[in-house]
1. Hey, any hits in the range 49-69 for a residue that's modelled with pLDDT under 95, of a type in the set (S, T, N, Q), surrounded by 11 or more Cβ atoms within 10 Å (Cβ to Cβ) and in a loop (DSSP other than H, G, I, E, B)?
2. Looking only at the range 87-121, which residues are exposed (fewer than 10 other Cβ atoms within 10 Å of the Cβ) and among the polar types (S, T, N, Q)?
3. Looking at this structure, is L78 of a type in the set (A, V, I, L, M, F, W, C) and either surrounded by fewer than 11 Cβ atoms within 10 Å (Cβ to Cβ) or not in a helix (DSSP H, G or I) (or both)?
4. Looking only at residues in the range 16-34 that are out of contact with any helix residue (DSSP H, G or I) (no Cβ under 9 Å at 6 or more places or on another chain) and closer than 19 Å to K81 by Cα, which one is most open to solvent (accessible area, probe 1.4 Å)?
5. Could you list all residues from the range 16-48 that are assigned to a helix (DSSP H, G or I) and basic (K, R)?
Amino acid sequence: MSLTLRILLVVGAILAACFVTNRIRKSMILMGDAIFWVATSLLLVVIAVFPDITYFFADLFGFMSPSNFVFLLVLVLLMAKMFANSSEISMLKHRVNELAQENALLEKRIRNEHGHEGGQE
């Protein structure tokens, strides 16, 4: 793995960690998401500092280059995060629909109760 790639990994990981830390301070990110990004940043730093890890796994899985292994690892991590986010968004959309329906039923009930009270006077 080239020195340039190792430096880019460390710089990118530090920038990502700083960005996540800033979002945590502003309460703009959930702790579970923050943990994922910090852990990913730490993983990239470990890979950059100890490149023998990537050589070992690249040889183990038959990659032509350790950098290809790093790119695939990052791709897999991002796809896993994207899938988790998609699942969460789907659940939230379902919950919003349920709440909208419950709200509509409550509003109808309130209108009906006020309509009956006004007619009885």
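The values are calculated or read from the model by the stated rules, or taken from the named source; none is laboratory data. Every value quoted in this text rests on a predicted model; they were computed, and no experiment measured them. Neighbour counts run over all protein chains shown; Cβ positions are idealised from the backbone, glycine included. Side chains are part of the model used for accessible areas, which takes the heavy atoms of the whole protein and leaves out ligands, DNA and RNA. Shrake-Rupley method; radii C 1.70, N 1.55, O 1.52, S 1.80 Å.
1. The answer is yes, given that some residue of the range 49-69 is modelled with pLDDT under 95, of a type in the set (S, T, N, Q), surrounded by 11 or more Cβ atoms within 10 Å (Cβ to Cβ) and in a loop (DSSP other than H, G, I, E, B).
2. Q120
3. So L78 does not fit the description; no.
4. My answer is L30.
5. R23, R25
Residues checked against (1) within 22 Å of the chain's Cα centre (by Cα); (2) over 30 Å from L9 (Cβ atoms); (3) of a type in the set (G, A, S):
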position: L30; (1), (2), (3): yes, no, no
position: A34; (1), (2), (3): yes, no, yes
position: P51; (1), (2), (3): no, no, no
position: M82; (1), (2), (3): yes, no, no
position: K108; (1), (2), (3): no, yes, no
position: G115; (1), (2), (3): no, yes, yes
